[in-house]
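Here is the structure we will look at.
Just so it is clear, none of the values below were taken in a lab; they were calculated from the coordinates. Note that this is a predicted model, so its numbers are computed, not measured.
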Amino acid sequence: MQDCYIDARRISSKSLKRLCITDFCSFPTKFHIRIFAPGLISLQLDNFDGLTPSLEYMPSLETAYIWLDNDCYHLCRGSWQDYDLDDCSCHAYPVDEGVLLHGLSNAVNLELIADIYTDMFIYSWDLKYCPVFDKLETLLINEWFTTIDLLCILQHSPILETLTLQLGDTKELVRATGAQEKIEQSFVCSNLKLVNIECTKVDEGVDKILKILSTCGILRDQISITEQWPYSDRFSFQKPLPLLPSTAALVAVSTSDDI
């Protein structure tokens with residue numbers, strides 16, 4: 001679905017396998033559309049405006065890509081001057097239930113990105129309900145998370161194998177207080193084989209992440225750090241493929257081997 005206004009209370013299909021809502025689609029601003037698709041195996045949700053849809057249980061979900069940008073209504077504007085707090089979208093958050101992460105909890109491959117220049121709160125709020133990602137093997141997130149969020153994700157992803165962190169601004173991690181970091185850390189990520197950290201530079205925030213990973217039993221040689229500039233958030237399928245060696249280089253190597 002692209003460039004359309006979705007005027008409904010619910011999207012429902014038991015047979016739907018793949019759903020992509022992207023490129024300037026609009027959701028209502030007064031209520032969350034509920035998506036019921038228990039047979040869904042692939043979901044892409046990004047570049048939309050309005051309130052984020054509420055995802056119901058998806059037991060067959062394999063891959064999900066979610067990107068919340070500044071057109072999404074899940075921003076907390078409480079710090080804005082002259083803004084009516086009663087109209088803030090955080091008041092539209094459902095009580096006693098999550099919006100996204102419960103429905104995504106069966107995903108095998110999951111990518112969660114949020115606009116880095118806005119106070120996007122929905123991922124962190126959903127994590128308060130401690131969803132268990134018991135099938136999750138690969139996860140990509142950018143710097144929307146706090147220290148407590150990262151620990152919560154690691155603790156509730158028992159078979160996670162690969163974690164990718166896209167980091168630009170790590171000030172929230174640096175500012176985290178001792179109270180925010182307080183969580184039961186008596187767990188080890190025994191299945192986590194590789195952590196990819198993509199950042200503009202190795203700063204205090206990256207050092208803090210390395211310390212967290214160490215407390216979870218992740219060794220330094222399991223962590224890959226790539227510094228890159230300019231920094232950009234991307235889904236994995238949007239990243240350029242590594243450059244292959246030129247034919248001339250391959251011939252040179254082959255000739256050298258023959259010698």
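Give the long-range amide H neighbours of residue 69: residues separated by 5 or more places, or on another chain, with amide H under 5 Å away, using H modelled in the peptide plane at 1.01 Å from N.
Placed amide hydrogens put 47, 48, 115 under 5 Å from residue 69.
Per residue of region 106-114, what does 6.51 cos²θ - 1.76 cosθ + 1.60 with θ = phi - 60° give for ³J(HN,Hα)? Whole Hz please, x for Gly and Pro, Karplus curve as stated.
Those phi angles translate into 9, 5, 8, 10, 9, 10, 10, 10, 9 Hz.
Name the residues whose placed amide hydrogens come within less than 5 Å of the amide hydrogen of residue 156, ignoring near sequence neighbours (fewer than 5 apart) on the same chain.
Distant-sequence amide H within range of residue 156: zero hits.
May I ask you to list the lysines whose Cα is less than 30 Å away from that of residue 135, ignoring any residue fewer than eight positions away on the same chain?
14, 17, 182, 193, 208, 211, 239
Which whole-Hz ³J(HN,Hα) couplings does region 26-37 yield from phi under the Karplus relation 6.51 cos²θ - 1.76 cosθ + 1.60, θ = phi - 60°, glycine and proline marked x?
Coupling constants for region 26-37: 10, 9, x, 9, 9, 8, 8, 5, 9, 10, 10, 8 Hz.
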